[in-house]
Amino acid sequence: MPLLWSKDSLQTKNCKFCGACGIEMVSNEAEKKLAQLQMIEENLNHLSMKKQAIQSEEFEVNNALEELIKSGDEVYRIVGQIMIKSNKEDVVKDLEEKKQRIELKFKSIEKQESTLQEKAKTIKEEVMGALSKEKEDV
């Protein structure tokens, strides 16, 4: 049974293009592309959440570095459930390294987002082309 595509959802019915309701018959190929597009959009949402978490982590590291610069030579680090006196230079070095790792993660996610957005754009164009071709054939 062919699937129908509407703006809001996919529906299963045997029907041809209806100008009044705006529902079109979608081929199996278009159906597969729509499923791919949905997966890409889910992946983009997941990446967006990861990106926000990384931005939050970067904000915390930057704040810690600022406070560390303002502080005197006596600094403490929390390890597990205890606080230990640490060397200020070592703590700064560790935070700088952590900041670099965060920036790399952020760039990687942005690259993945860009790739997925391009893929989604291509699939959307293919689906719209297939739908307009089907519409002309009716």
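The values are calculated or read from the model by the stated rules, or taken from the named source; none is laboratory data. From a predicted model like this one, the values you see are computed outputs, not experimental measurements. FYI the Cβ positions are ideal-geometry reconstructions off the backbone, even for glycines, and counts take in every protein chain you see.
For residue 58, the criteria (1) acidic (Asp, Glu); (2) closer than 30 Å to residue 27 by Cα; (3) touching a Phe, Trp or Tyr at 6+ places or on another chain (Cβ under 8 Å) hold in every case but one, which is (2). Identification of strands (runs of 3 or more DSSP E) wholly contained in the stretch 1-120 with 3 or more residues that are modelled with pLDDT under 85 yields 3-5, 10-12, 24-26.
Of all residues in the stretch 89-138, those that are without any contact (Cβ under 8 Å) to a residue 40 or more places away in the chain and within 30 Å of residue 74 (Cβ to Cβ) total 12.
The residue that is farthest from residue 42 (Cα to Cα), among those in the stretch 108-134 that are surrounded by 14 or more Cβ atoms within 10 Å (Cβ to Cβ) and of a type in the set (Lys, Arg), is 124. Scanning the stretch 42-79 for residues that are under 20 Å from residue 93 (Cβ atoms), of a type outside the set (Ser, Thr, Tyr) and surrounded by 12 or more Cβ atoms within 10 Å (Cβ to Cβ) yields 57, 58, 60, 61, 62, 64, 65, 68, 75, 77.
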